[in-house]
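K.L.:
Could you have a look at this structure, given as structure tokens, before my questions?
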Amino acid sequence: MSRMVIVDDRPPGVVFLRHGATQWNEELRWQGGEVDFSLSQSGRAEVAELSRRLRTYGLDESYSLVSSTMLRAVETAEVLRRSGVGSGPIRRIKELREVHVGKLSGMTEDEIREAHPVLFADWSSGKVPYYPDGESIHQLIARLTPRLIELLRQDKPLIVISHKTVLRAIRLIIGVPGPIDEGHLSGVALWTCPESSGTAVWRNLGAQDASRGGGYSDGRL
């Protein structure tokens, strides 16, 4: 597994995080934007642990919180705020919702691998595939881009909680080079650095993040 890229030691201007785990995540069952679940008990625990790691990077109550309108993202933001990472009201943005995966919603990874082997291989390699009766990568990028530009132009530090495929699309829009270590659930961050012409890197903040590197690995939406 790749190590995190550390650009410098300054706190970031904007951090995009993935939500914590739900029961369906733990069952390796795809959710997408079709269903809306609360965090599981272990999901809340991992976000609380993530908040501790974020504080070591200088993230604190000076950050404003933004999330998708989906419950798992909003609850992730709430756990972070209670842990001293971020403060104030949570701004909810519908364009940050997870991609619609159509008829794949509710299916397990094994079921998808068997029924749609090419799609599953593309998705496992980090691509955003075509989802049957779902949302295309072009539709996802079209709804994300105006909001992303708005967020990156903010003159205050932000923590933005969204979803796995949304983070993949944001990476494509920004043009972050190199391989992605997508990490474990909320333990992956798209990290934009202040005063650096929009430089952005991926950082894996998973619970096995020894010496600020490493981390878990999974493939759940």
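The values are calculated or read from the model by the stated rules, or taken from the named source; none is laboratory data. Only a predicted model underlies this, so the values are computations on that prediction, with no experimental measurement involved. Cβ atoms come from the backbone with ideal geometry, glycine included; neighbour counts cover every protein chain shown. Just so you know, the surface numbers come from the protein's heavy atoms only, side chains and all, with ligands and any DNA or RNA stripped out. Shrake-Rupley method; radii C 1.70, N 1.55, O 1.52, S 1.80 Å.
K.L.:
Enter the accessible area per residue of the stretch 1-160 (Å², integer; probe 1.4 Å; all protein chains in place).
P.N.:
It amounts to 47 Å² per residue over the stretch 1-160.
K.L.:
No solvent, one uniform scatterer per C-alpha: report log10 I(q)/I(0) for the stretch 1-149 via the Debye equation at q = 0.08, 0.10, 0.13, 0.17 1/Å, two decimals.
P.N.:
-0.26, -0.41, -0.69, -1.13
K.L.:
Assuming R0 = 35 Å, can you tell me the calculated FRET efficiency for the pair Ile173 and Ala45, based on Cβ-Cβ distance, to the nearest 0.05?
P.N.:
Using R0 = 35 Å, I get an efficiency of 0.65.
K.L.:
Quote the accessible area belonging to Tyr130 in square angstrom, nearest 10, computed with a 1.4 Å probe and with ligands, DNA and RNA left uncounted.
P.N.:
Here the accessible area works out near 150 Å².
K.L.:
Sort Thr165, Thr145 from largest to smallest accessible area, using a 1.4 Å probe on the heavy atoms of the protein chains.
P.N.:
Thr145, Thr165
K.L.:
I would also like to ask the following. Just the number, please: Stokes-Einstein D of the stretch 60-134 in µm²/s, Kirkwood Rh from C-alpha pairs, 4 °C, 1.567 mPa s.
P.N.:
Result for D is 89 µm²/s.
K.L.:
Provide the gained length on full extension for the span Thr56 to Arg91, in nm with one decimal, where the gain is 0.36 nm per separating residue minus the Cα-Cα distance. Spell out each step's value before the answer.
P.N.:
Numbers: separation 35, 0.36 × 35 = 12.60 nm, distance 2.43 nm.
That pair, Thr56 and Arg91, stretches by 10.2 nm at full extension.
K.L.:
Would you please give the FRET efficiency between Ile149 and Val118, computed as 1/(1 + (r/R0)^6) with r the Cβ-Cβ distance and R0 = 35 Å, to the nearest 0.05? Mind dumping the intermediate values first?
P.N.:
Numbers: r = 33 Å, r/R0 = 0.94.
Efficiency, from the Cβ-Cβ distance: 0.60.
K.L.:
Further question: What distance in nm separates the two pseudo spin-label positions at Lys156 and Ser125, each 7 Å out from Cα along the beta-carbon direction?
P.N.:
4.3
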